[in-house]
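Only one structure is covered here, and it is reproduced in the block below.
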Amino acid sequence: MPVLVTGGCGFIGGNFVLDWLKQSDEPIINLDKLTYAANPATLKSVEGSPSYTFVHGDITDGALLANVFARYKPRAVVHFAAESHVDRSIANPEAFLATNVFGTYHLLQAAREFVKSGAVPVDEFRFLHVSTDEVYGTLEPEDPAFHEDTPFRPNSPYAASKASSDHLARAWHETYGLPVLITNCSNNYGPYQFPEKLIPLVLHRALRGETLPVYGDGKQVRDWLYVGDHCSAIRTVLQSGRPGQTYNVGGCNQRTNLEVVHTLCSLLDELSPDASGEPYSRLIRHVTDRPGHDRRYAIDATKIERELGWTPTETFSTGLRRTVEWYLQHQQWVEEIASGEYLKWVGQNY
Ligand code: NAD
């Protein structure tokens with residue numbers, strides 16, 4: 001039976017679909033609205049494969065979801081689809097409520113009806129809701145890392161919408177017995193990421209000789225995880241996680257944003273030196289900080305390591321080098337996505 005993925009044309013969903021089809025015979029149905037953040041080119045290599053079906057649609061469309069479940073009879077849902085960019089949520093929160101909250105609600109309802117129909121035994125069905133560490137809010141330097149029982153204190157409209165969707169997913173397990181699993185993961189980086197997020201943004205702009213904007217003092221701490229390691233954590237939780245449980249996923253790689261930007265500049269100096277002979281770090285500029293900007297995130301991933309035996313394979317240094325090499329080798333992919341909507345956004349914001 002197939003696995004239904006939502007948002008498979010986005011950054012993490014795209015990596016997940018490619019990884020899955022390399023490792024499993026189970027087909028994937030990918031339901032995606034194709035928003036500005038999607039790039040179908042990510043999945044060009046699997047188009048036409050009997051194991052891969054694309055459905056163009058919106059998770060807020062309940063009737064469409066009912067048809068998708070009835071037609072493909074998935075044994076599991078892996079729910080990535082979301083509006084995912086914090087800055088956009090500050091400028092336009094409504095789209096975040098529509099997709100992240102109401103979309104998740106419609107998907108949970110459709111899954112519930114599908115299981116109720118008896119098409120798949122409830123014990124064998126799984127609904128994996130992919131979420132973020134941003135639901136936990138912000139940490140002081142001396143605070144311990146977020147664990148699964150840390151209270152939710154979301155600060156941005158994005159984080160609040162994801163926190164709402166996490167609560168809905170949990171409630172559909174407690175109230176209706178839907179076998180829900182939730183993962184809360186730290187910041188991802190790696191191939192196929194839309195260049196509005198820090199790492200691809202810096203690479204994209206540096207290679208064009210454009211300034212590299214760093215919010216405020218740049219001392220905000222994020223905990224980074226290579227996207228391939230996030231995908232392996234999701235596969236592990238889908239296979240062995242206990243329904244009703246939440247698993248934090250992270251790589252123990254806390255870095256300030258400024259450190260990340262400097263490391264990227266050094267990697268570019270080594271792998272693709274600027275024609276001027278000057279270091280890329282000359283392009284760094286501090287810009288006005290984002291309102292409500294969380295100071296520090298850190299993930300305690302002990303539970304998934306101890307209970308399910310998952311550990312990341314990339315260190316920050318190996319993962320970041322792989323990522324820079326990938327972007328240097330895939331300029332065409334970046335060019336395809338970094339037009340239209342992206343250019344409009346960058347023009348308004350930097
Ligand atoms: P993304 O923005 O790159 O991709 C989102 C995808 O969802 C796009 O393909 C888009 O077209 C699709 N989509 C959006 N609205 C939709 C709708 N209404 N119906 C159907 N499809 C829709 O996001 P991402 O960075 O790949 O994140 C995926 C998930 O992982 C999100 O739920 C996000 O909250 C979570 N997450 C992301 C990170 C990170 O660092 N990027 C970390 C932890 C968790």
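Just so you know, all these numbers are worked out from the coordinates, no wet-lab data involved. Worth saying up front: this structure is predicted, and the values here are computed from it rather than measured. Note that we place each Cβ from the backbone using ideal geometry, even for glycine, and neighbour counts take in every protein chain shown.
Taking label points 7 Å from Cα along the Cα-to-Cβ direction, residue 53 and residue 290 give a separation of 3.7 nm. Restricting the stretch 114-199 to GluC sites (Glu not before Pro) that sit in a DSSP loop and have at most 10 other Cβ atoms within 10 Å of their own Cβ leaves 142. Computed from label points 7 Å out along Cα-Cβ, the spacing between residue 272 and residue 339 is 1.8 nm.
When both the stretch 3-77 and the stretch 144-179 are represented by their alpha-carbon centers, they are found 24 Å apart. For the chain, a Gaussian network of Cα nodes joined below 10 Å ranks 292, 218, 228 by mean-square fluctuation, and the top entry is 292. Shown for the chain: lysine pairs separated by 8 or more places, or found on different chains, whose C-alpha atoms are under 21 Å apart, numbering 10.
A Förster distance of 45 Å, applied to the separation of the beta-carbon atoms of residue 116 and residue 87, puts the FRET efficiency at 0.70.
Against the main long axis of the alpha-carbon atoms of the chain, helix 104-116 sits at an angle near 30°.
Percent of C-alpha pairs per 10 Å bin in the stretch 87-162, short distances first: 17, 34, 28, 17, 3, 0. From largest to smallest, the equivalent ellipsoid semi-axes obtained for the chain from the alpha-carbon gyration tensor read 33, 22, 19 Å.
Full extension of the chain between residue 282 and residue 148 gives 44.2 nm of extra length, using 0.36 nm per residue less the Cα-Cα distance. Between 27, 213, 144, the Gaussian network model of the chain with springs among Cα atoms under 10 angstrom shows the greatest mean-square fluctuation at 144. Counted over the chain, the DSSP beta bridges are approximately 10% antiparallel. Take the Cβ atoms of residue 98 and residue 26, set R0 to 35 Å, and the FRET efficiency comes out at 0.70.
As an exercise, take the mean of 1/r over every pair of distinct alpha carbons in the stretch 29-153, invert it, and state the Kirkwood radius in angstroms.
Result for the stretch 29-153, one decimal place: 16.7 Å.
Kirkwood analysis of the stretch 203-295, using all unique Cα-Cα pairs, places the hydrodynamic radius at 15.7 Å.
Can you give the percent of C-alpha pairs in the stretch 56-114 whose distance is more than 14 Å? Result for the distance tail: 56 percent. Both radii are taken from the alpha-carbon atoms of the stretch 217-350; with Rh as the Kirkwood radius, Rg/Rh is 1.02. Take the Kirkwood radius over Cα pairs of the stretch 142-248, plug it into Stokes-Einstein at 37 °C and 0.692 mPa s, and you get 200 µm²/s for translational diffusion. Here r is the Cβ-Cβ distance between residue 305 and residue 61 and R0 is 41 Å; the resulting FRET efficiency, rounded to 0.05, is 0.60. In the chain, helical runs assigned H by DSSP with n ≥ 4 each contribute -39500 (n - 2.57); averaged across all residues and rounded to the nearest 500, the mean residue ellipticity at 222 nm is -12500 deg cm²/dmol. With bins 10 Å wide beginning at 0, the percent of Cα pairs of the stretch 1-44 falling in each bin runs 31, 57, 12, 0. The alpha carbon centroids of the stretch 89-116 and the stretch 270-325 are separated by 30 Å.
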